[in-house]
Amino acid sequence: MLAHTFQLLTCNAVHPVEARCCRWLLMLRHQLQQDTLPLTHEFLAEMLGVQRSTVSVVIRTLQTAGLIRQNRGSITVTDWEGLEETACECYGRVMDLYRRLLRPAPAAR
């Protein structure tokens, strides 16, 4: 958890809001294991540390690119691979960390 926290702190300091938003959507999609995420622009703005109007612009851009579809109170990921390409490298680093930590232990001999 500490490595995850440090990675996200660094991410918030150096990456643009669009890349951070993509990372956040992908991480939530992974945690919920579903494409439709119960999110409002207000909540996402709080999580990203930006104004709601900034989130609205980013979400509109991602929707125009065909990566997501927004509805009232939810965002549906329609192209997770494209979203992953748009996200910063932090998403991949955090996912690699979890894969290493959660990999099954070798079988006993």
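The values are calculated or read from the model by the stated rules, or taken from the named source; none is laboratory data. The structure presented is a predicted model; accordingly, all values stated were derived computationally and were not measured. Here Cβ is always computed from backbone atoms with ideal geometry, including for glycine, and neighbour counts include all displayed protein chains. Heavy atoms of the whole protein, side chains included, go into the accessibility calculation; ligands, DNA and RNA do not. Shrake-Rupley method; radii C 1.70, N 1.55, O 1.52, S 1.80 Å.
Looking only at segment 39-50, which residues are over 20 Å from M95 (Cα atoms) and surrounded by 13 or more Cβ atoms within 10 Å (Cβ to Cβ)?
In the first step, residues of segment 39-50 are kept if they are over 20 Å from M95 (Cα atoms); the result is 39-46, 49-50.
Of everything in segment 39-50, those that are over 20 Å from M95 (Cα atoms) and surrounded by 13 or more Cβ atoms within 10 Å (Cβ to Cβ) turn out to be L39, T40, H41, F43, L44, A45, V50.
(1) free of Cβ contacts under 8 Å to residues at least 24 places away in the same chain; (2) open to solvent by 60 Å² or more (accessible area, probe 1.4 Å); (3) not charged (D, E, K, R): which one isn't true of T78, the others all being true? Condition not satisfied by T78: (1).
In segment 1-72, counting only helices (runs of 4 or more DSSP H) that sit wholly within it, the ones holding 3 or more residues that are in contact with a strand residue (DSSP E or B) (Cβ under 7 Å, 6 or more places away or on another chain) and modelled with pLDDT of 95 or more span 52-64. Within the bounds of segment 41-60, is there any residue that is touching a residue at least 40 places away in the same chain (Cβ under 8 Å) and in contact with a Ser or Thr (Cβ under 9 Å, 6 or more places away or on another chain)? The answer is no; no qualifying residue exists. Put simply, of T61, T36 the only residue that is more than 28 Å from L101 (Cβ to Cβ), of a type in the set (V, I, T) and surrounded by 12 or more Cβ atoms within 10 Å (Cβ to Cβ) is T61. Of everything in segment 81-109 that is of a type in the set (A, V, I, L, M, F, W, C) and either at pLDDT 95 or above or buried (at least 16 other Cβ atoms within 10 Å of the Cβ) (or both), the residue that is farthest from P16 (Cα to Cα) is V94.
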